[in-house]
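Everything on this sheet refers to the single structure shown next.
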Amino acid sequence: MTDLKSLIREVPDFPKPGINFYDITTLLKDPAGWRATIDALKGHYNGTPVDVVVGVEARGFFFAPAIAYALGAGFVPVRKPGKLPAETETVEYALEYGTDRLQMHKDAIRPGQRVLIIDDVLATGGTAAAVAELAEKLGGTVLGLGFLVELDFLNGRSKLPGRDVFSLLHY
């Protein structure tokens, strides 16, 4: 997968000094890189009976629908408050300073459905843990969480104990 890393642009000091931002737009525009990314994520979950793939706003929306299509599953978006038009379920989670909230339509996941969560980056793990909690709140069974990139130095997996976590690339 190191060839995929070569397609990701590193932007130093963004969004603030000392932060190294991994810009995936350069991978997304590369047809072979895009195909390899989707094929690798799909390949990891081949044979897993997935009913719905949950994508996290906003960059998770790049990958989750493609994986859902490839696996023959449905797609469910998780959004920030006020973005979904029907009745929602909300989860609140801790940030470094304060809290944030995410929402999913209450009818997005039926009890017993098998759920795969896909996002672009696993960083501190707070968002991923919150999305898993939200899916389970609606009665879903979370089979796994898949990511394009994992920032190992932030130890996000520690917030996902006992869960199947798969990341294509590690930094």
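Here are the numbers for this structure:
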| item | result |
| --- | --- |
| Viscosity 1.306 mPa s, 10 °C: Kirkwood-radius Stokes-Einstein D of the chain over Cα pairs, µm²/s | 97 µm²/s |
| Test item: Cα-centred dipole of region 49-170, Lys/Arg +1 and Asp/Glu -1 on Cβ, debye | 160 debye |
| Region 40-171 - share of DSSP beta bridges that are antiparallel (%, nearest 5) | 30 percent |
| Cα gyration tensor shape for region 21-111, rounded if a/c is under 1.5, else prolate or oblate | oblate |
| DSSP loop GluC sites (Glu not before Pro) with at most 10 other Cβ within 10 Å excluded, longest remaining stretch of the chain | 1-86 |
| Over 20 Å (Cα to Cα) - which of K42/K80; K5/K42; K5/K29; K5/K159; K106/K137 fall in this group | K42/K80; K5/K159 |
| Computed lengthening from D3 to D23, 0.36 nm per intervening residue step minus Cα-Cα distance | 5.7 nm |
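A short reminder: the numbers here are calculations on the coordinates, not readings from a lab. Remember, predicted model here, so these are calculated numbers, not experimental data. No Cβ is skipped: glycine too gets one built from the backbone with ideal geometry, and neighbour counts run over all protein chains shown.
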